[in-house]
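The values are calculated or read from the model by the stated rules, or taken from the named source; none is laboratory data. Values in this document were obtained by computation on a predicted structure and should not be read as measured data. Heads up, the Cβs are rebuilt from the backbone with ideal geometry, glycines too, and the neighbour counts pull from every protein chain shown. Protein only, heavy atoms only, side chains kept; ligands, DNA and RNA dropped before computing areas. Shrake-Rupley method; radii C 1.70, N 1.55, O 1.52, S 1.80 Å.
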Amino acid sequence: MVERVIATEEALALIEKLKEQHGPVMFHQSGGCCDGSSPMCYPEGDLILGSQDVLMGEIGGAKFYMHKSQFEYWKHTQLIIDVVDGRGGMFSLEGVHGKRFLTRSRAFTKEEMLELGLI
């Protein structure tokens with residue numbers, strides 16, 4: 001099965017650390033202004049989801065959502081959530097650790113797009 005979102009080992013380790021500190025967590029990538037283009041990590045349930053949010057999958061046991069308008073741009077790519085040094089979104093949990101989540105991507109192959117019903 002093709003996964004729309006995966007995470008690097010470094011991202012998975014940080015997610016585990018955040019879960020130990022905050023309990024279950026979730027991700028949302030809205031594509032809005034400022035920090036909206038970065039994946040934001042929240043305690044599960046702290047962000048109220050709407051009918052325009054698309055569940056992309058799970059990374060490290062955390063659900064990953066994206067706004068529908070962004071999904072239209074990203075639906076032909078696999079998201080690869082990574083971690084880099086630096087401050088990210090002010091409301092995202094990882095900021096106090098001097099790290100931020102970063103979305104990398106790769107285009108799906110033709111076979112993967114067929115499996116996902118994209119072509």
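Regarding residue 88, is this residue in a loop (DSSP other than H, G, I, E, B) and under 12 Å from the mean Cα position of the chain (by Cα)?
Against the criterion (in a loop (DSSP other than H, G, I, E, B) and under 12 Å from the mean Cα position of the chain (by Cα)), residue 88 does not qualify.
Among all residue pairs at least 6 apart or on different chains, which show Cβ distances below 6 Å where the first residue, located in the stretch 97-119, is without any contact (Cβ under 8 Å) to a residue 60 or more places away in the chain and under 25 Å from residue 14 (Cα atoms) and the second is surrounded by 12 or more Cβ atoms within 10 Å (Cβ to Cβ) and not hydrophobic (A, V, I, L, M, F, W, C)?
104/82; 105/77; 106/78
Return yes when residue 1 is open to solvent by less than 40 Å² (accessible area, probe 1.4 Å) and within 25 Å of residue 107 (Cα to Cα) and no when it is not.
In short, no.
The conditions are (1) part of a loop (DSSP other than H, G, I, E, B); (2) under 21 Å from residue 22 (Cα atoms), and residue 50 fails exactly one of them. Which is it?
It is condition (2) that residue 50 fails.
Out of all the residues in the stretch 74-98, which are open to solvent by less than 30 Å² (accessible area, probe 1.4 Å) and charged (D, E, K, R)?
Answer for the stretch 74-98, where residues must be open to solvent by less than 30 Å² (accessible area, probe 1.4 Å) and charged (D, E, K, R): 82, 94.
Can you say whether residue 71 is among the aromatic types (Phe, Trp, Tyr) and assigned to a loop (DSSP other than H, G, I, E, B), as far as the supplied structure shows?
So residue 71 fails the test.
State all residues of the stretch 42-54 that are hydrophobic (A, V, I, L, M, F, W, C) and open to solvent by 90 Å² or more (accessible area, probe 1.4 Å); if no residue qualifies, say none.
48, the sole residue that qualifies.
Just checking, how many residues over the stretch 99-118 are aliphatic (A, V, I, L, M), over 26 Å from residue 17 (Cβ atoms) and open to solvent by less than 50 Å² (accessible area, probe 1.4 Å)?
Selection size over the stretch 99-118: 3.
When the residues of the stretch 19-37 are narrowed to those that are modelled with pLDDT of 95 or more and open to solvent by 40 Å² or more (accessible area, probe 1.4 Å), which ends up nearest to residue 52 (Cα to Cα)?
Applying the filter and picking the extreme gives 24.
May I ask you to say which residue of 71, 64 is surrounded by 19 or more Cβ atoms within 10 Å (Cβ to Cβ) and within 14 Å of the chain's Cα centre (by Cα)?
Values: 71 fails: surrounded by 19 or more Cβ atoms within 10 Å (Cβ to Cβ).
Within the list 71, 64, the selection yields 64.
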